[in-house]
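Quick notes on the structure that follows.
Nothing in this text is a laboratory measurement; each read-out follows from the coordinates by a stated rule. Computed from a predicted structure; not experimentally measured. In this analysis, Cβ positions are derived from the backbone assuming ideal geometry, glycine residues included, and neighbour counts consider all displayed protein chains.
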């Protein structure tokens with residue numbers, strides 16, 4: 001396998017990890033799926049926005065609750081308003097990936 005073939009496979013694997021959601025304006029927004037966390041019998045996805053340009057929020061993850069739909073093949077993601085749940089899910093995510101990601105704590109700034 002040559003270098004170009006390796007790069008193509010790597011790009012395809014990265015694309016497999018991308019999900020596209022619609023924002024409040026109905027526009028499609030791509031996210032990289034990082035993890036699925038289970039907490040208190042509920043499931044939460046941890047997503048990283050795929051941003052074309054560097055913004056102030058670059059690198060911030062999005063945590064959404066997974067809800068079943070009437071179709072068994074689909075699920076929906078809803079925002080989580082409870083700050084305690086968000087913090088607990090993020091803490092679990094950070095612990096699980098402490099060796100893979102360099103987390104920056106906002107409180108240190």
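Per residue, how big is the convex hull of segment 31-101 when only Cα atoms are used? Give it in Å³. Don't skip to the answer; put the middle values down first.
On the way: hull volume 8.3 nm³, N = 71.
Dividing the Cα hull volume of segment 31-101 by its residues yields 117 Å³.
For residue 16 and residue 84, what is the calculated FRET efficiency with R₀ set at 41 Å and r taken between the beta-carbons, to the nearest 0.05?
0.80
What order do you get for 18-28, 93-103 when each peptide is scored by the mean count of other beta carbon atoms within 10 Å, highest first? Don't skip to the answer; put the middle values down first.
Numbers: 18-28: 9.3, 93-103: 11.1.
Per-residue mean Cβ counts within 10 Å order the peptides as 93-103, 18-28.
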